Amino acid sequence: MFAGKTILEILQIGGFTMYILLFCSLLSITILFERIIYYRKRSKTKRAEFMTRIERALKGNNLQKAIEICEETDAPFSNVVYSGLELLGHHEKELSNAMEREITIETTKLERYTSIVGTIGNTAVYIGLFGTVLGIIRAFHDIAAAGAGGMSIVIAGVAEALVCTAMGLFVAVPAVIAFNYFAKKVESFTNDMELCASELIDLIGKG
């Protein structure tokens, strides 16, 4: 059916919905690579190593050193600890609230654009089905207008229309996988931030 056809010709067979799905696919892939790079950049430092350095600095009563460690570490949990160190000497509740706010801010940054991929994963199949329905309607309309037809013509029209459904699945499946990957990474980052906040409270309490 599609043997010898170029990608552009297949897109034209599917109609305008194919172009929508192609745009969704490119958008999804762009966000995927952007988030992977962002997550890798912000996960170079291990939480345990970072907190060991902070503990040593605080035990040596070197608050400035602890702050410098936070500033030179590009990780979500370093910003959380930094927000707590800035209020060192204040009531524990104030420190805890400041770190909770910073966790919320960092989580928002980590989740940026991920909802777009989730939406694409949930809707791409339906967009494809919509294109298929339009294709089938067009096929029957052409048969009716020609005044002649047969099973072979109907099957050919339906086969061409189904390319939209196939494209929808092709876009949706990777998008769903990517969204689940994002959710897992954000959860991991959030756990690290919460653990760092808890550990800092314990360190301050011991001090």
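The values are calculated or read from the model by the stated rules, or taken from the named source; none is laboratory data. Since this is a predicted model, take the numbers as computed values, not measurements. All Cβ positions, glycine included, derive from the backbone under ideal geometry; neighbour counts span all protein chains shown.
Of the residues ALA197, ALA183, only one is within 30 Å of GLU71 (Cβ to Cβ), modelled with pLDDT of 95 or more and among the small types (Gly, Ala, Ser); which? Show your work before the answer.
Working: ALA197 fails: modelled with pLDDT of 95 or more.
On inspection, the qualifying residue turns out to be ALA183.
Considering only the range 158-207, how many residues are loosely packed, with under 15 Cβ neighbours inside 10 Å, within 21 Å of the chain's Cα centre (by Cα) and among the β-branched types (Val, Ile, Thr)?
Residues that pass the stated criteria total 2.
What are the residue pairs meeting all of these: first residue in the range 55-76, first residue hydrophobic (A, V, I, L, M, F, W, C), second residue surrounded by fewer than 13 Cβ atoms within 10 Å (Cβ to Cβ), Cβ atoms under 7 Å, and 6 or more apart or on different chains?
These pairs meet every condition: LEU58/GLY207.
Before we move on, is LEU110 more than 26 Å from TYR39 (Cβ to Cβ) and either of a type outside the set (Lys, Arg) or not assigned by TED's automatic domain parsing to the domain that holds ASP202 (or both)?
On the way: more than 26 Å from TYR39 (Cβ to Cβ): no; either of a type outside the set (Lys, Arg) or not assigned by TED's automatic domain parsing to the domain that holds ASP202 (or both): yes.
Against the criterion (more than 26 Å from TYR39 (Cβ to Cβ) and either of a type outside the set (Lys, Arg) or not assigned by TED's automatic domain parsing to the domain that holds ASP202 (or both)), LEU110 does not qualify.
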